[in-house]
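Let me begin by presenting the structure, written as structure tokens, before commenting on it.
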Amino acid sequence: MLSEPRSPRRWIRVACLSVRPPLSLLALLAVLASGPVACASRPPPEALAATRDTLAGLDEFGALLLGAGLPVEAIPQGRSVSPVQAERLRRHLAILPYLPQHYTPRFVADELLRYVEQHGQGLSRWDLSRMVQEYRSLFLLRQDGFLAAALTGEPARWVGRVEVRDHGAGAAEFEMGVFYTSADGESWRRADSPNLDRL
């Protein structure tokens, strides 16, 4: 007499019943399963409260510094930025490692901080935030060959491999350190740096 064909479901059941996990594995799974419940019941550590408060009160200038790669704890907290603070921030930004998306916000931050240093007196954060807004439609060429938004580092278009030239570096008709603008995202033209003295 021929036996009945066995279904895949029956084979899976037989396989699961024949394999017995070790007791230590079951204990480990039980501990891991209870872990998120135990962790979720704890209040957040106080160390994060300062970071949360700093981020909650962030203005455009602070957001620019954060986008440039500056750690949250290094962002100035006062209502103004003095020339001494500006110099320290420029030095701090110069030694920080950065990702490609940090290049354009760091370039803009350096330009604003250099302006504060040359101005010779502190500038209010409100004035600096207004100055930041002047860069909102500008783009810069990054080292990886992308034209990227000056304030965020968000890539808009890849224009080619950056090469060293006689008077700088660039890709295709674009140069590093020069601002560009585009109305349609296809045709790009040079743009002047914002005139910070008129603000």
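A few points about this structure:
- Potential extension, GLN118-SER182 segment - 0.36 nm per residue separation minus Cα distance: 20.0 nm
- Scattering profile of the stretch 77-131 at q = 0.16, 0.24, 0.27, 0.28 Å⁻¹ [log10 I(q)/I(0), Debye over alpha-carbon scatterers]: -0.46, -0.95, -1.10, -1.15
- Packing, taken as the mean count of other beta carbons within 10 Å per residue, orders the peptides 157-170, 67-80, 174-187 from highest to lowest as 67-80, 174-187, 157-170.
- Note, ³J(HN,Hα) from phi for the stretch 93-100, Karplus 6.51, -1.76, 1.60, rounded to Hz, x at Gly and Pro: 5, 5, 9, 6, x, 9, 8, x
- Spin-label model, SER137/HIS167: points 7 Å from Cα along the beta carbon direction are separated by 2.7 nm.
- Rg and Dmax of the stretch 50-198, Cα atoms only, in Å: 15.5, 48
- Residues whose placed amide H lies under 5 Å from that of ALA169, excluding near-sequence neighbours: MET176
- Taking 0.36 nm per residue of sequence separation and removing the Cα-Cα distance, the ALA156/GLU111 pair yields an extension gain of 14.0 nm.
- Phi angles across the stretch 81-87 convert, under the Karplus curve 6.51 cos²θ - 1.76 cosθ + 1.60 with θ = phi - 60°, into 3J(HN,Hα) values of 10, 7, x, 5, 4, 4, 4 Hz, Gly and Pro given as x.
Every number here is computed from the coordinates shown, using simple stated rules; none is lab data. Note that the structure is predicted; figures quoted are calculated from it, not measured. When we count neighbours, we look across all protein chains shown, and the Cβ atoms used for this are built from the backbone with ideal geometry, even at glycine.
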